[in-house]
Amino acid sequence: MSLVKVNTSVASCVDQYEAHCYQVFDNGTEVLWPFNHPVDGITVRAEVSPSVIPQAYISADQGAAACKLAGKRLCRLGEWLAGCRGPQGYTFPYGNTYVPGYCNTGRPLNPVIELFGKNATFDNVEMNDPRLDLLPNTLSSSGSFSKCVQPDYGIYDISGNLDEWVADVTSIGHGIFKGGYFVDAVINGPGCLYTTTAHSPAYHDYSLGFRCCADPR
């Protein structure tokens, strides 16, 4: 984890990578959960490591539970922003000017359309099809975009790859996810400012992941 200065009086620990998950069984054994399958109905624990593909298809509620099992919590919005923007307040993790190819963003064709055609409905079944994140140039392993890093904190992939849930909710109870993903990191704001608030914290699809935070000890 990286110690991130949230404001003049508060610091938090932010994971350097997006989380992947281990399924936890009743007897305490664990096994790596497939990143391209929802975690509905199972218990998972968050873990972080470079060169592992992070968990997609996960809701804010599920991500929060996975962080808790790891002794952490889902990042709060202020922590997430500080970890992405750094002490300089950058627009993108690496600076104020977008550089194509630095982060995993900008895939030309939405994978839902690639898989289901131009008449895709984007319903819950299509949006959670495990084949989506197996298509070429979709989800990448943590840290594989070596220039997609906040240089002061060593935090990777916080823009692009997967949208990341945060712990905050809107005034009407919608969840918040940040940073954009491998198709789009522009429509709802550039880089660290990218914000989506359209869904319940129980919602999940192929584009959604999470990152854990913790209080300093």
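Some notes on this structure:
- Rolled with a 1.4 Å probe across the full set of protein chains, the surface gives ILE187 an accessible area near 130 Å².
- Over the stretch 151-206, Cα pairs under 8 Å with separation of 6+ residues give a relative contact order of 31 percent.
- Close amide H contacts of VAL4 (hydrogens built in the peptide plane, cut-off under 5 Å, sequence separation of 5 or more or a different chain): SER12, CYS13, VAL14.
- Charge sum, other residues only, whose C-beta stays under 12 Å from SER12's C-beta, Lys/Arg counted +1 and Asp/Glu -1: +3
- The fraction of Cα-Cα pairs per 10 angstrom bin, counted from 0 for the chain, comes to 9, 37, 38, 14, 2, 0 percent, rounded to whole percents.
- Taking a ≥ b ≥ c as the square roots of the eigenvalues of the alpha carbon gyration tensor, the stretch 99-157 is prolate, as a/c is not under 1.5 and a/b beats b/c.
- Note, ³J(HN,Hα) from phi for the stretch 133-143, Karplus 6.51, -1.76, 1.60, rounded to Hz, x at Gly and Pro: 8, 9, 5, x, 6, 10, 6, 10, 5, 4, x
- With the alpha-carbon atoms of the stretch 149-217 aligned to their principal axes, the span from lowest to highest coordinate is 34, 34, 20 Å, starting with the largest.
- Label-point gap, in nm, between ALA202 and SER49 - each point 7 angstrom along Cα→Cβ: 3.3
- Backbone N atoms of the stretch 35-56 closer than 17 Å to the 7 Å Cα→Cβ label point of ASN137 are not found in any residue.
- Rel. contact order, % - alpha carbon contacts under 8 angstrom, at least six apart, the stretch 33-115: 19
- For the chain, the Cβ-based charge dipole about the Cα centre amounts to some 580 debye (Lys, Arg positive; Asp, Glu negative; other atoms uncharged).
- By DSSP, the beta bridges lying fully in the chain are antiparallel in about 90 percent of cases.
- At most 13 other Cβ within 10 Å, DSSP loop - trypsin sites (Lys or Arg not before Pro), the stretch 73-151: LYS118, ARG131, LYS147
The values are calculated or read from the model by the stated rules, or taken from the named source; none is laboratory data. All values reported here derive from a predicted model rather than from experimental measurement. Neighbour counts run over all protein chains shown; Cβ positions are idealised from the backbone, glycine included. Each accessible area value is taken on the protein alone, full model and side chains, heavy atoms only, with ligands, DNA and RNA left out. Shrake-Rupley method; radii C 1.70, N 1.55, O 1.52, S 1.80 Å.
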